[in-house]
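Peer 1: Okay, handing you the structure first.
The values are calculated or read from the model by the stated rules, or taken from the named source; none is laboratory data. Because the structure is a prediction, the values reported are computed rather than measured. So basically every Cβ, Gly included, is an ideal-geometry build from the backbone, and we count neighbours across all protein chains shown. Side chains included, ligands, DNA and RNA excluded: accessible areas come from the protein's heavy atoms. Shrake-Rupley method; radii C 1.70, N 1.55, O 1.52, S 1.80 Å.
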Amino acid sequence: MESWDVVVVGAGPGGSYAAKTAAELGLKTLFLERGRYAGEKNSSGAGLGTRWWRDFPEIMGKLPYLSSYRRIDMIVIKVVDEENRLRLVQGTTGSDRDGSRWSGSLDKGMAGASIYRSDLDPLIADLAVSAGAELRTSTLACDVIMEKGTVRGVVTEKGERLRAEVVIAADGAMSTLARRSGMRGRWGGGCTLVPQIDFVCDEDKLDAVVGNAEWCWFGPFNGAYQVNFRESFHLGAGKWLRPDWDTRPPDMLRRVMEIPAFQKFCKVVEARPREYQAHLLPWLKKPPRTYTGGMMLVGDAGGFPCPLDGEGIWHACMSGKIAAETAAWAISRGDVSEKALAEYERRWKASPLGLEHSFGPEFVEIWDHSIFDPELMKRLIQLILELSEIHPFSVLFDWSDDHVSCLNRHLEHLFDLVPEFSEFGERYIKPLGAAVSPQVVKKALLQAKGKLPLLRLLPDQTYLRALELLNRRLGSRLKEAAGR
Amino acid sequence: MEGIDFEVKELVYRGEGDTGDFISFDPGRCDGCGLCVKVCSAGLWSLREGKARLAPRYRELCLECAACWEICARGAVDFSYPAGGTGVTIRFG
């Protein structure tokens, strides 16, 4: 029987990054892929955010040389109303106060990069192989070797038994290893289904019409994303697999494809559908148990995708890296029991991955009660449009009447809409207040103090101490900001 | 305006080789709720006499998304993967 320090199952981004990290740490590492090559089975064309430059620069530096790459400088939201008219186009790129988000090089998008999985996955798998890990393709792991409740290796479909000190399961949303080891069964309502179409089009025309941007389509339907690649784009949609499911997946895409603005766009860039893809995407309030004796789950298998936007590749690589580091630590101590591998959860919870998941329930609730509720979206769009009218440019260019009347009419409509959404705000937006860091709370309070003539006389520390004593909730945040 | 449409089965690519059976269905557990019919992009499930039925040719038509497994609360559908190196090839994912 073959014996390894670490066997990783799955050569997607999470598995390959785990294999790379394990090999770099000197562990004898094997990773298995069921496809004929890494990326053959994966379909979530990736929009990678700028945090990739901080965490995985060795990957990002290579992307511009791959054939599907498009630099991304902004995300453009296209808001469509009930009658399928395009009503608002809003860009978002984030500001960059200290230059940490990008370096200014033209290769580095201000909002990230787009890349096919058929380009990205082989790249990361190659990095793992270069680091010394062994890759076996066309190899399906179908069971775990269990001894006294601890995972001791995996069994392939050909009956090979591969022993490992530690197994890292990166085998996707329906993880065979998580199921076979008894860690879990179905996700049971916490998993989405994502249908997606790849369109091929004219590269120059896509440059001219879209430029360096991803698009999102918001309307009285499930939101849809459009990830733009070099000479192609993905149109994707999705929602949670629950008993209220009522549509055929391809029809979710057809609903967006009937928007005249989308049809015209396709015509202009000469787009035609080239490939249909569908995959599961766990979109959970929090990852369930991510470890057991001898085994850790990473990426989609562990339920790690972002609870706010469903992006999962950064989460896969982060969890893969942390799992491999934990494996090295546990093996060096000679203890890979469930108790020892609890270290994995401690480590990922203390990382940026854990910080994002600490607001998982709040993030999921917002989506669940807005974008995935077409009836509410009809009214929410009214609010979004009215809020956008308060934008200085909108007031300037509103030609429906004299500008004073226009402004007042918009404000009046906005005040009509606000009570309707106050419950929504109270229930789903307000809890996010806890995500604002104590330092930012302190900054805001001191700025407010400067605006009030009477308070200006009070020393800052006295003012903050007084607030700390007067308001219990605020008090604990201020205490934290002051490091007390 | 000129519409764009598509046919799922014309937009899916496959490698060669025998996938083996990778979906199993237990009619005894099925309560005929029909959710598997609704979630399948390839239209491989149908309802007959109050029970779901999987198309006999599913091996050459399935997209391997596993939605039928995830949606079935009764556990009537089990999904494993096609044999290594066979099944759907995603070229532009």
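Peer 1: What list of ³J(HN,Hα) couplings, whole Hz, do you get for the range A:74-91 from phi and the Karplus terms 6.51, -1.76, 1.60, once you set θ to phi - 60° and write x for glycine and proline?
Peer 2: Computed from phi, the couplings for the range A:74-91 are 7, 10, 10, 9, 10, 9, 10, 8, 4, 9, 6, 8, 6, 10, 8, 10, 10, x Hz.
Peer 1: Can you give me the angle between helix A:13-24 and the longest principal axis of chain A, using Cα atoms only, in degrees from 0 to 90, rounded to the nearest 10?
Peer 2: 50 degrees
Peer 1: So if R0 is 41 Å, what FRET efficiency would A:Trp329 and A:Ala261 give, r being the distance between their Cβ atoms, rounded to the nearest 0.05?
Peer 2: Details: r = 53 Å, r/R0 = 1.29.
Step by step, r from the Cβ atoms, then E = 0.20.
Peer 1: Under a straight-distance cross-link criterion of Cα-Cα below 19 Å, which aspartates and glutamates are reachable from A:Lys479, leaving out those fewer than 8 residues away in the same chain?
Peer 2: A:Asp460, A:Glu468
Peer 1: For A:Lys148, list the lysines whose Cα falls under 22 Å from its own Cα; do not include residues on the same chain fewer than 8 positions away.
Peer 2: Correct list for A:Lys148: A:Lys339.
Peer 1: How large, in percent, is the carbon and sulfur part of the accessible surface of chain A at a probe radius of 1.4 Å?
Peer 2: On the way: 11700 of 21530 Å².
Here it works out to 54 percent.
Peer 1: Right, another one. Could you compute how fast the range A:376-484 diffuses translationally, taking Rh as the Kirkwood radius over C-alpha pairs and applying Stokes-Einstein at 20 °C with viscosity 1.002 mPa s? Give it in µm² per second. Don't skip to the answer; put the middle values down first.
Peer 2: Numbers: Rh = 17.2 Å.
D, rounded to a whole number, is 125 µm²/s.
Peer 1: Right, here's the next one. Quick one, what does Rg over Rh come out to for chain B if you take C-alpha atoms and the Kirkwood Rh? Kindly include the intermediate steps, with their values, before the conclusion.
Peer 2: Details: Rg = 14.4 Å, Rh = 14.3 Å.
Ratio of gyration radius to Kirkwood radius for chain B: 1.01.
Peer 1: Ok, one more. Mind grabbing the accessible area of A:His403 for me, 1.4 Å probe, Å², rounded to tens?
Peer 2: Looks like 80 Å² after rounding.
Peer 1: I've got another one for you. For Cα pairs less than 8 Å apart in space and 6+ apart in sequence, what is the mean separation divided by the residue count of chain B, i.e. the relative contact order in percent?
Peer 2: Numbers: 129 pairs, mean separation 38.7, N = 93.
This gives 42 percent for chain B.
Peer 1: Between A:Lys451 and A:Glu270, what length comes free when the chain is fully extended (0.36 nm per residue of separation minus the Cα-Cα distance, one decimal in nm)?
Peer 2: On the way: separation 181, 0.36 × 181 = 65.16 nm, distance 5.61 nm.
Full extension of this stretch gives 59.6 nm more.
Peer 1: Please turn the phi angles of the range A:252-259 into ³J(HN,Hα) values with the Karplus equation 6.51 cos²θ - 1.76 cosθ + 1.60 (θ = phi - 60°), one per residue in order, whole Hz, x for glycine and proline.
Peer 2: Running phi through 6.51 cos²θ - 1.76 cosθ + 1.60 with θ = phi - 60° gives 5, 6, 4, 4, 7, 5, 8, 5 Hz.
Peer 1: Near the amide H of A:Val8, under 5 Å away, which other amide H atoms are found, from residues 5 or more places off or on another chain, if H is placed in the peptide plane?
Peer 2: It is A:Leu30, A:Phe31, A:Leu32, A:Ile168, by chain and number.
Peer 1: How about the range A:258-284: which of its residues lose at least 10 Å² of accessible area in the presence of all protein chains relative to their chain isolated, using a 1.4 Å probe?
Peer 2: Residues passing the criterion (a loss of at least 10 Å², heavy atoms only) are A:Pro260, A:Gln263, A:Lys264, A:Cys266, A:Lys267, A:Pro273, A:Arg274, A:Glu275, A:Tyr276, A:Gln277, A:Ala278, A:Leu280.
Peer 1: Sticking with this one: If you take every DSSP beta bridge fully contained in the protein assembly as shown, what fraction is antiparallel? Give it as a percent rounded to 5. Don't skip to the end; give the middle numbers.
Peer 2: Details: 57 of 80 bridges.
If we restrict to bridges inside the protein assembly as shown, about 70 percent are antiparallel.
Peer 1: Given the Cα-Cα distance of A:Asp251 and A:Arg136 and 0.36 nm per residue of separation, how much length would full extension add, in nm?
Peer 2: On the way: separation 115, 0.36 × 115 = 41.40 nm, distance 3.78 nm.
Contour length minus Cα-Cα distance gives 37.6 nm.
Peer 1: With every protein chain present, what is the per residue accessible area of the protein assembly as shown (1.4 Å probe, Å²)?
Peer 2: On the way: 26080 Å² over 577 residues.
That works out to 45 Å² for each residue.
Peer 1: Once a ≥ b ≥ c are taken as the square roots of the eigenvalues of the Cα gyration tensor of chain A, is the result rounded (a/c under 1.5), prolate (a/b larger than b/c) or oblate (a/b not larger than b/c)? Numbers along the way, then the final one.
Peer 2: On the way: a/c = 1.96, a/b = 1.34, b/c = 1.46.
Oblate.
Peer 1: Threshold 50 Å², probe 1.4 Å: give the residues of the range A:24-41, in number order, that are less accessible with all protein chains present than with their chain alone.
Peer 2: A:Arg34, A:Arg36, A:Glu40, A:Lys41
Peer 1: Another question about this same structure. Chains B and A: what accessible area do they bury, summed, in square angstrom to the nearest 100, with a 1.4 Å probe? Display every interim value, and only then the final one.
Peer 2: Values: alone 6740 and 23530 Å², together 26080 Å².
Summed over both sides, the interface buries about 4200 Å².
Peer 1: Between the DSSP loop rule and a limit of at most 14 other Cβ atoms within 10 Å, which GluC sites (Glu not before Pro) in the range B:6-87 are left? Intermediate results must be reported in sequence, preceding the final value.
Peer 2: Values: sites: B:Glu7, B:Glu10, B:Glu16, B:Glu49, B:Glu60, B:Glu64, B:Glu70; in loops: B:Glu7, B:Glu16, B:Glu49, B:Glu64.
Answer by residue number: B:Glu7, B:Glu16, B:Glu49.
Peer 1: Relative to the longest principal axis of the C-alpha atoms of chain A, give the angle of the C-alpha long axis of helix A:472-481, reported between 0 and 90° and rounded to the nearest 10°.
Peer 2: Compared with the principal axis, the helix lies near 60 degrees.
Peer 1: Leaving ligands, DNA and RNA out of it, work out the accessible area of A:Glu258 with a 1.4 Å probe and give it in Å² to the nearest 10.
Peer 2: So the heavy atoms of A:Glu258 present about 90 Å² to solvent.
Peer 1: Computing the accessible area with a 1.4 Å probe over protein heavy atoms, can you report the carbon and sulfur percentage for chain B?
Peer 2: Numbers: 2060 of 4550 Å².
Whole-percent figure for carbon plus sulfur exposure: 45.
Peer 1: Let me ask another. Heavy atoms only, probe 1.4 angstrom, no DNA, RNA or ligands counted: give me A:Phe359, A:Phe415, A:Phe199 ranked by accessible area, highest first. Intermediate results must be reported in sequence, preceding the final value.
Peer 2: Values: A:Phe359 35, A:Phe415 145, A:Phe199 0 Å².
The ordering from most to least exposed comes out as A:Phe415, A:Phe359, A:Phe199.
Peer 1: So what does A:Ser68 come to for accessible area, using a 1.4 Å probe and Å² rounded to 10?
Peer 2: The value for A:Ser68 is about 10 Å².
Peer 1: If you don't mind, there's one more thing I want to ask. In degrees from 0 to 90, rounded to the nearest 10, what is the angle of the helix A:438-451 Cα long axis to the longest principal axis of chain A?
Peer 2: Around 10 degrees separate the two axes.
Peer 1: Let me ask another. Full extension from A:Asp402 to A:Val209: what is 0.36 nm times the residue separation minus their Cα-Cα distance, to one decimal in nm? Intermediate values should be presented prior to the final figure.
Peer 2: Details: separation 193, 0.36 × 193 = 69.48 nm, distance 3.36 nm.
Net length gain for the segment: 66.1 nm.
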